[in-house]
Amino acid sequence: MNTTQTVAAGSDFVLSRVFDAPRDLVWKCFTDPKHIQHWWGPKGATVVASKMDLRPGGTHHYGMKAPDGSVIWGMMVYREIVPPKKLVFINSFSDEKGGLARHPMAPTWPIEMLSVFTFEEQPGGKTKFTISWSPLNATAEEQKTFDAGHASMTGGWSGTLERLEAYLPKVQD
């Protein structure tokens, strides 16, 4: 596992990981619903719904079932798609119908997050994946909650990326 993190108060959350897989394959696992359903979400979560329209202005609406049985919904609204290099989208918690919702466990979490995912080719057929998250139109309280949540985000994303790392060798197409 090769993960690096950069954190500063009032700044973006940035996390990178190098996968032992070619960039096109890692890209496919993020942009093809038949793949993302197998690994998306923190450890113990199961994707129970996933509807993706991968185009600028399109959405990915998904539901994840936690080990306790609760279902958490999320929504991505794509802004920029540069295959196989970059995805830019607004990420939010959602309800089952696709409306915006507050974080179910953190009511002062920012409603919208600007998310930038980059995919960089590395020597030996590897891929460096980087997440950059920043609150969008956040209040001072939401920014403070975001800044205080970096450790939790690191834990959640690390678990998600470990799931992807385990899934990559199983991908057939």
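The values are calculated or read from the model by the stated rules, or taken from the named source; none is laboratory data. These numbers were taken from a predicted model, which means no experiment stands behind them. Glycine also receives a Cβ, built like all others from the backbone with ideal geometry; neighbour counts cover every protein chain displayed. In case anyone asks, the SASA skips ligands and DNA or RNA and just uses the protein heavy atoms, side chains included. Shrake-Rupley method; radii C 1.70, N 1.55, O 1.52, S 1.80 Å.
Some observations on this one:
- Residues Thr108, Thr160, sorted by accessible area with the largest first, give Thr108, Thr160 [1.4 Å probe; ligands and nucleic acids excluded].
- Measuring against 19 Å, Cα to Cα, the residue pairs Lys65/Lys170; Lys28/Lys85; Lys126/Lys170; Lys51/Lys97; Lys65/Lys126 contain Lys65/Lys170; Lys65/Lys126 as the ones spanning a longer distance.
- The residues packed around Gly125, meaning those with a beta-carbon under 13 Å from its beta-carbon, carry a net charge of -1 if Lys and Arg are +1 and Asp and Glu are -1.
- Scanning residues 5 or more positions from Leu136 or on other chains, those with amide H under 5 Å from its amide H are Glu112, Met113, Leu114, with H placed 1.01 Å from N in the peptide plane.
- The range 1-100 shape via C-alpha gyration tensor axes, a/c threshold 1.5: rounded
- Summing charges over all other residues whose Cβ lies under 14 Å from the Cβ of Val82, with Lys and Arg as +1 and Asp and Glu as -1, gives +1.
- Phi angles across the range 92-106 convert, under the Karplus curve 6.51 cos²θ - 1.76 cosθ + 1.60 with θ = phi - 60°, into 3J(HN,Hα) values of 9, 6, 9, 9, 4, 8, x, x, 5, 9, 6, 4, x, 10, 9 Hz, Gly and Pro given as x.
- For Met76, the accessible area of its heavy atoms, probed at 1.4 Å with every protein chain present, is near 10 square angstrom.
- Relative contact order of the range 38-90, defined on C-alpha pairs under 8 angstrom at six or more residues apart (%): 26 percent
- Solvent accessible area, Å² - Arg79, 1.4 Å probe, full protein context: 140 Å²
- In plain terms, the chain from Val48 to Gln172 could stretch by 42.4 nm, reckoned as 0.36 nm per residue minus the Cα-Cα distance.
- Cα gyration tensor category, rounded, prolate or oblate, for the range 117-173 with a/c compared to 1.5: prolate
- Here the contact order of the chain, divided by its residue count and restricted to Cα pairs under 8 Å and six or more residues apart, works out to 24 percent.
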